[in-house]
Amino acid sequence: MKVVILAGGLGTRMSEITKTIPKPMVKILNKHILIHIMEHYYKYDFKEFYIALGYKGKVIKNFFKGKKFKWKTHLIETGKKTMTGGRLKRLNKFLKNETFLMTYGDGVSNVNIKNLVKFHKKKKKLFTMTAVRPPARFGAIKMK
């Protein structure tokens, strides 16, 4: 099964950092978010990734240039201002109406992907989504 990673957004909530690099290339524990995501899926035996590029896509392309990984990576230009649906539409010819997994380029999680796919197949639905409400960027201020 193929894994789509949407890595073309502007990263406006992290604008201090994303002026120079796209959000998937931000490092957490000395490793790019994108690599954390790919390693997580690989752990569950998913070995083919389609990365939908947009904003600062060249940075991601340069990172992958000449590097070898245990998985196969396809870097697809999907447009700098293209929204989520448009990115998926532009990847359609690569997905060939197959079932696929999709996450955002900042979608770091600890979800058991095998169990998620099993759940999806059991329920026979068109799509299954996991989500977490992000915490507020700035903590609440307590008034005394």
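Could you check ALA140 against (1) modelled with pLDDT under 95; (2) surrounded by 10 or more Cβ atoms within 10 Å (Cβ to Cβ) and say which number it fails? For ALA140, the exception is condition (2).
Checked against the criterion of being without any contact (Cβ under 8 Å) to a residue 40 or more places away in the chain, open to solvent by less than 50 Å² (accessible area, probe 1.4 Å) and among the small types (Gly, Ala, Ser), the stretch 53-62 has no qualifying residue. Total residues in the stretch 71-106 satisfying the condition of being out of contact with any Pro (no Cβ under 9 Å at 6 or more places or on another chain), closer than 20 Å to LYS61 by Cα and small (Gly, Ala, Ser): the figure is 1.
Which of the residues that make up the stretch 12-23 are open to solvent by 10 Å² or more (accessible area, probe 1.4 Å) and either touching an Asp or Glu at 6+ places or on another chain (Cβ under 9 Å) or assigned to a helix (DSSP H, G or I) (or both)?
THR12, ARG13, MET14, SER15, GLU16, ILE17, LYS23
Taking the criterion of being touching a strand residue (DSSP E or B) at 6+ places or on another chain (Cβ under 6 Å), part of a loop (DSSP other than H, G, I, E, B) and either within 14 Å of VAL3 (Cβ to Cβ) or open to solvent by 90 Å² or more (accessible area, probe 1.4 Å) (or both), the only residue of the stretch 73-128 that qualifies is GLY105.
For the stretch 63-72, the set of residues classified as part of a loop (DSSP other than H, G, I, E, B) and either open to solvent by less than 50 Å² (accessible area, probe 1.4 Å) or touching an Asp or Glu at 6+ places or on another chain (Cβ under 8 Å) (or both) consists of TRP71 only. Condition (residue is at pLDDT below 95, closer than 22 Å to PHE127 by Cα, assigned to a loop (DSSP other than H, G, I, E, B) and hydrophobic (A, V, I, L, M, F, W, C)) applied to the stretch 37-47: is it met by at least one residue? No, the conditions are met nowhere in the stretch 37-47. With respect to (1) buried (at least 17 other Cβ atoms within 10 Å of the Cβ); (2) farther than 23 Å from ILE113 by Cα; (3) not small (Gly, Ala, Ser), the lone exception for TYR41 is condition (2).
Residues in the stretch 6-29 that are hydrophobic (A, V, I, L, M, F, W, C) and at pLDDT below 90: LEU10, MET14, ILE17, ILE21. Of all residues assigned to the stretch 52-62, at least one qualifies as being in a loop (DSSP other than H, G, I, E, B) and within 13 Å of the chain's Cα centre (by Cα).
The values are calculated or read from the model by the stated rules, or taken from the named source; none is laboratory data. A quick note: this is a predicted structure, and the numbers were derived from the prediction, not measured. Virtual Cβ from ideal backbone geometry, glycine too; neighbours counted across all protein chains shown. Note: areas computed on protein heavy atoms with side chains; ligands, DNA, RNA excluded. Shrake-Rupley method; radii C 1.70, N 1.55, O 1.52, S 1.80 Å.
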